[in-house]
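Below: the structure, in structure tokens.
The values are calculated or read from the model by the stated rules, or taken from the named source; none is laboratory data. Everything numeric in this text was worked out from a predicted model, so none of it was measured. Cβ atoms come from the backbone with ideal geometry, glycine included; neighbour counts cover every protein chain shown. Keep in mind that these areas ignore ligands, DNA and RNA; they rest on the heavy atoms of the full protein, side chains included. Shrake-Rupley method; radii C 1.70, N 1.55, O 1.52, S 1.80 Å.
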Amino acid sequence: MDTYSFLITEEMENERIDKCISGLIDSLSRSYIQKLIKEGKVLVNGQSAKPSLRVSVDDEVAFSLPPALEPDIEAEDIPLDILYEDSDVIVVNKPKGMVVHPAAGHYSGTLVNALLFHCGDELSGINGVMRPGIVHRIDRDTTGSIIACKNDKAHNSIAEQLKEHSINRRYHAICFGVLPQDEGTIDAPIGRHPVDRKKMAINPAGKHAVTHYRVLHRFEKYTYIECVLETGRTHQIRVHMASIGHPLLGDAVYSDRKSPFRLEGQTLHAKTLGFVHPTSGEYIEVDAPLPDYFTHLLEILS
């Protein structure tokens, strides 16, 4: 168990406790520090600190990190389409139908099961035993680029880039209807659906969400588009496109329009993923080729 203890100096005086700790220990993310504080695990002068606490000179700060738990999920020899890999990160082209991490009803066959087999114990542990290495998700029936981290330093770096919306994420999709303008921006907050809690919806009380889209090709009844995420909310592209009357083809959750094609879920592909490498500082961009079903569908529509 890692234990930390230090005294507050004049340079740190009147800083919030979470900012103070994150400034001293760059291997811990601000959100993780805030979690420790809320759980009462950060002590200031022997007392549990409140999240709003501002420190004073000579305050004694002490806390211990809980021991990393061994994952109770099994490594599985599942083939991975690896787009990029080094000692810090791995970017995978996720196939349709694969769940990213174990959850109720999906404890095997997930991306995490495959990563555990491929990477062994080289996965970050920040998100807990069920999500080793996972820093962001894409839906089960969404294909394409997803990044996983092999150590906590890399995890914190990628998580911070996601938080700052500096990661370049471009998706390709096919939506119902013919979009009249070549490009546009949907700026609408997303939160839980007020009735169906399994769904997301445009919700004034939800989180800020912005999607930029541009037309790649117009067909008779559909439009092939590229979407760029400025934020990364759950089901963001699916909810936003449905909100302007152009739900994604094949999306049975956010559209009541029937698809004339045999599809497994929405036609959505995470094509491009660009990020600053956590160690080298170099900008890296990977491109996931369109899956066969998607290219075949484009040929049919043409």
Please work out which one of (1) at pLDDT below 85; (2) under 23 Å from the mean Cα position of the chain (by Cα); (3) farther than 24 Å from V112 by Cα is the condition Q34 fails and give its number. (1)
Residues in the range 254-302 that are touching a residue at least 12 places away in the same chain (Cβ under 8 Å), open to solvent by 70 Å² or more (accessible area, probe 1.4 Å) and either within 16 Å of D139 (Cα to Cα) or not polar (S, T, N, Q) (or both) total 6
Inside the range 256-290, can you point out the residues that are among the polar types (S, T, N, Q) and within 20 Å of R169 (Cα to Cα)? Q266, T267, T272
What about T185, is it touching a His at 6+ places or on another chain (Cβ under 8 Å) and either part of a strand (DSSP E or B) or free of Cβ contacts under 8 Å to residues at least 12 places away in the same chain (or both)? yes
Against the definition (surrounded by fewer than 17 Cβ atoms within 10 Å (Cβ to Cβ) and closer than 30 Å to C119 by Cα), how does Y4 come out, yes or no? yes
Restricted to the range 53-76 and to residues being under 27 Å from the mean Cα position of the chain (by Cα) and open to solvent by less than 90 Å² (accessible area, probe 1.4 Å), the residue modelled with the highest pLDDT is E76
If we only count strands (runs of 3 or more DSSP E) wholly inside the range 77-173, which ones have 2 or more residues that are surrounded by fewer than 18 Cβ atoms within 10 Å (Cβ to Cβ)? 82-85
Residues of the range 12-44 being open to solvent by less than 70 Å² (accessible area, probe 1.4 Å) and not in a helix (DSSP H, G or I), in sequence order, are E15, I25, S27, L28, S29, G40, V42, L43, V44
